[in-house]
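The values are calculated or read from the model by the stated rules, or taken from the named source; none is laboratory data. What you see is a predicted model; the values in this text were computed from it and never measured. Methodologically, a virtual Cβ is constructed for each residue, glycine included, from the backbone with ideal geometry; neighbour enumeration extends over all protein chains shown.
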Amino acid sequence: MIRSSLAALGAAAIAMGAGVVESMSAQTPAPPGAGHSKYSAPRTPWGDPDLQGVWSSDEEAGVPLERPTGQDKPKVEGSELEELLEQREQQRASTAPTIGGITGAGPTHWYENWGRASARTSLVVDPADGHVPPLTPQAQQRQRARISGGSFGSGPFEKPEDFSLYDRCITRGLPSVMFPAIYNNNTRIVQAPGYVALTYEMIHETRVIPLDGRPFAGEGIRGYLGDARARWEGDTLVVETQNFSERANYRGAGATLRLVERFRRVQRKKLRYEVTVDDPHTFTRPWTAAVNLGPGTDLFEYACHEGNYAMRNMLSAARAAEAAVRKK
């Protein structure tokens, strides 16, 4: 496990640089059931709401992004909750043969508890039906024309660039990195006057985001995590991000993707994260997802690197398959 002090991480994060962006005019819709209490977050020495620490989405791991077919409630209780938790436990058990011994799968203690205590039925809170809005016709056309889907697609696997950024250990991408996965669900938040830094346990990327209201960079400056600016709205940290690289490709959205993220400490040990995804070239309307974060542990090492054996082996296997076809 890699451990460092928050102060050291903050200094390292600032050295890494930050993304920059232009303010979005659209406001994040208040998701149903956000339930902001009258709790007032503690303050930093310079007066900002204090969100610092390591926060984990483990309690909602296993909650799907979209509500399952046939389910019409954002939350369930009583016998419905018991049935939902049993289904999640069965789903977790069904994956047992694929983890803990298979090459590349990792030991069983890597895997999270899959949100067996969460009564939520989806991370999507707007639209109210818990589903990501349909793709626009032009987005559907782009999808049909898109070549490969990384290691989960059918190729071609000619060069490293044919793989996704996640395959290449570069980034899991936004906003995916804030959604619970099967492991590495921690996020560390560090604050300094005029800045906030977020470090994600998976791949260890750090965003250093200014709070000073500076103008956004031009559209020619793009990044895998976009360019970000932040501000405070009461106790809520609002982060607006755009200028994504076309390679980012979140659910078909790339260069025209714009995000509004909201972080609010709603209890001493609970942080609410909400993100509104807005891309009129990809989705027929903006949509919002929310994740409740609880106290996490210190960050574990995520020993992934570009050029790892998996990618090299997939490329060599593709060459071997081509050679076998030529011999016929």
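Can you pull out the residues in region 230-272 that are more than 27 Å from SER164 (Cβ to Cβ) and among the charged types (D, E, K, R)? ARG231, GLU233, ASP235, ARG262, ARG264, ARG265, ARG268, LYS269, LYS270, ARG272, listed by residue number.
For region 169-191, taking the residues that are touching a helix residue (DSSP H, G or I) at 6+ places or on another chain (Cβ under 6 Å) and crowded, with 19+ Cβ neighbours inside 10 Å, the one that is nearest to GLU233 (Cα to Cα) is identified as VAL190. Scanning region 177-196 for residues that are under 13 Å from ARG207 (Cβ atoms) and hydroxyl-bearing (Ser, Thr, Tyr) yields a total of 2. Quick check: is even one residue across region 200-213 of a type in the set (Ser, Thr, Tyr), modelled with pLDDT of 95 or more and out of contact with any helix residue (DSSP H, G or I) (no Cβ under 6 Å at 6 or more places or on another chain)? No, there is no match, as no residue in region 200-213 is of a type in the set (Ser, Thr, Tyr), modelled with pLDDT of 95 or more and out of contact with any helix residue (DSSP H, G or I) (no Cβ under 6 Å at 6 or more places or on another chain). Filtering region 33-89 to residues that are out of contact with any strand residue (DSSP E or B) (no Cβ under 9 Å at 6 or more places or on another chain) and at positive phi leaves GLY47, GLY62, GLY70, GLY78. Within this structure, VAL196 passes the test of being more than 25 Å from GLY70 (Cα to Cα) and within 21 Å of the chain's Cα centre (by Cα). Take the conditions within 19 Å of the chain's Cα centre (by Cα), touching a residue at least 40 places away in the same chain (Cβ under 8 Å), under 30 Å from GLN52 (Cα atoms) and not in a strand (DSSP E or B) and apply them to LEU237. Does it pass? Spelling it out, it is not the case that LEU237 is within 19 Å of the chain's Cα centre (by Cα), touching a residue at least 40 places away in the same chain (Cβ under 8 Å), under 30 Å from GLN52 (Cα atoms) and not in a strand (DSSP E or B). For region 294-316, taking the residues that are in contact (Cβ under 8 Å) with a residue 40 or more places away in the chain and in a helix (DSSP H, G or I), the one that is surrounded by the most Cβ atoms within 10 Å (Cβ to Cβ) is identified as MET311.
The residue list VAL266, VAL260, VAL291, VAL275 contains one member that is among the aliphatic types (A, V, I, L, M), farther than 18 Å from GLY173 by Cα and part of a strand (DSSP E or B), which is VAL266.
The C-beta contact set for region 263-279 (first residue without any contact (Cβ under 8 Å) to a residue 24 or more places away in the chain, second residue buried (at least 21 other Cβ atoms within 10 Å of the Cβ) and of a type outside the set (Ser, Thr, Tyr), distance under 7 angstrom, 6+ apart or interchain) is empty. Inspection of region 149-161 identifies at least one residue that is surrounded by 17 or more Cβ atoms within 10 Å (Cβ to Cβ) and more than 23 Å from HIS204 (Cα to Cα).
Note on region 156-168: residues that are touching a helix residue (DSSP H, G or I) at 6+ places or on another chain (Cβ under 9 Å) and assigned to a loop (DSSP other than H, G, I, E, B) total 8. Scanning for something hydrophobic (A, V, I, L, M, F, W, C), without any contact (Cβ under 8 Å) to a residue 12 or more places away in the chain and in a strand (DSSP E or B), does region 198-213 turn up at least one residue? Yes, some residue in region 198-213 is hydrophobic (A, V, I, L, M, F, W, C), without any contact (Cβ under 8 Å) to a residue 12 or more places away in the chain and in a strand (DSSP E or B).
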